[in-house]
Amino acid sequence: MQTDKFKSEVKTLKKFFQIYCKEKHCGKFEREYNVHYKDLNLTFNANLCENCHSLLSYAIKRLQECPHDPKPRCRNCQNPCYEKDKYKQMAKMMRFSGMKLGLTKAAQKIKKLFKKS
C-alpha cells in the first residue's frame, strides 16, 4: 500500500472512532499515537474511551501489516486479518459513524442551500 493511501486510511479510522466514541461512550481520554509505516511517521491525538483506544490501536496494527496492494475493503478481502469479534466491533462502529458522517454532510449541504436563498 502506498503511504498516501495508508495516511488516508488512518485519518478515516480516527474520524470514525471519534464520532462513534463521542456518541456511544465517554470519549474523554486523550492519547497520542505515533504510527510508523514505511518512510511515513504519523503523530496524532485521539479522544476515546479505553476500549476504543484499544480497538483503534488494533485496527492500525492490522492496517500496517496488510499485505495487499492495492488494499481492498476489509469486508471484501479474501484473507481477512481481523479476529472475528474485532471485525464485528469494527463493522458496528463503521456503520454507525458512516451514517452519522453521511447525515452531517447532508445537513451541511441543506444549510448551504438555504443560506444562498
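The values are calculated or read from the model by the stated rules, or taken from the named source; none is laboratory data. Quick caveat: nothing in here was measured; it's all calculated off a predicted structure. Here the Cβ is made from the backbone with ideal geometry for all residues, glycine too, and neighbour counts use every protein chain on show.
In the set Cys74, Cys52, only one residue is in contact with a Pro (Cβ under 8 Å, 6 or more places away or on another chain) and hydrophobic (A, V, I, L, M, F, W, C); that residue is Cys74. Of the residues making up segment 1-41, those that are farther than 25 Å from Lys92 by Cβ and part of a strand (DSSP E or B) are Glu32, Asn34, His36, Tyr37, Leu40, Asn41. In the condition set (1) modelled with pLDDT of 90 or more; (2) touching a Cys at 6+ places or on another chain (Cβ under 9 Å); (3) among the acidic types (Asp, Glu), Glu50 is compliant with all but (2). Within segment 56-67, residues that are assigned to a loop (DSSP other than H, G, I, E, B) have Cβ atoms under 8 Å from residues that are surrounded by 14 or more Cβ atoms within 10 Å (Cβ to Cβ) in these pairs: Glu65/Cys81; Cys66/Met1; Cys66/Cys81, counting only partners at least 6 apart in sequence or on another chain.
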